[in-house]
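What follows is a set of notes on a single structure, which appears directly below.
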Amino acid sequence: MNEYGVVLESGAVRFERLLPGPVERVWSYLTESDKRGTWLASGQIEPRVGGAADLLFKHSEITSERPPERYREMNDNGWPSKGTVTRYEPMTALAMTWPGEGDASSEVTFELTPQGDKVRLVLTHRKLADKAEMTSVSGGWHVHLGILEDKLAGNPPRGFWSRLEGLEADYAKRFADQQA
């Protein structure tokens, strides 16, 4: 399975991962603040369509690596993200709005499908404003999903900041000829 995200359509990218199951365990890493905070962002997600999705991205809680200076504030103090749940189907799908550049918002959907003792996670991020935003979120999702894989497999989490810059450069090249 290719770890890289693929462009689905203008302003949309999709990632797929085959994760250690069972589905209930993977679902808990999407919906429970303490578990989600180990790979993405802590905070409450109301378990219903229309519910609040109040996340706090504090990378110092997912990596011990020193951040680049431009990310130091977010790493050390956190960055709040307020969204709204747009889909909530326990053990199957979770979607929410996602703050974007300026006042624009995009939408992230997590879909889970059991496959034997594994779980296929399909993450789709839609309504991205332009290639720059697609590149940025693609690098971020790639690294965050890698850390989720490590957590579920019981492995030490791979580096975050040490991988992000290179992945953003990779995605910039991959998306150069794509429509935004």
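Within region 99-171, the GluC sites (Glu not before Pro) that combine a DSSP coil assignment with at most 14 other C-beta atoms in a 10 angstrom radius are GLU101. To the nearest 500 deg cm²/dmol, what mean residue ellipticity at 222 nm is calculated for the chain from DSSP H runs of n ≥ 4 alone, each contributing -39,500 (n - 2.57), summed and divided by the residues? Value at 222 nm, helices only: -9500 deg cm²/dmol. Ligands, DNA and RNA left out, the 1.4 Å accessible surface of the chain is 48% carbon and sulfur atoms. Counted as membrane-span-like here are DSSP H helices of the chain whose alpha-carbon atoms extend 24 Å or more along the helix's own axis and whose Kyte-Doolittle mean is 0.0 or above; these are 131-153.
Near the amide H of SER106, within less than 5 Å, lie the amide hydrogens of TRP98, GLY100, all on another chain or at least 5 residues away, with H placed in the peptide plane.
Using a cutoff of 8 angstrom between alpha carbon atoms and counting only pairs six or more residues apart, the relative contact order for the chain works out to 25 percent. Take the chain with all the other protein chains still there, run a 1.4 Å probe, and you get 48 Å² of accessible area per residue.
The values are calculated or read from the model by the stated rules, or taken from the named source; none is laboratory data. Since the model is a prediction, treat every value here as computed from it, not as a measurement. Virtual Cβ from ideal backbone geometry, glycine too; neighbours counted across all protein chains shown. With ligands, DNA and RNA removed, areas are computed over all heavy atoms of the protein, side chains included. Shrake-Rupley method; radii C 1.70, N 1.55, O 1.52, S 1.80 Å.
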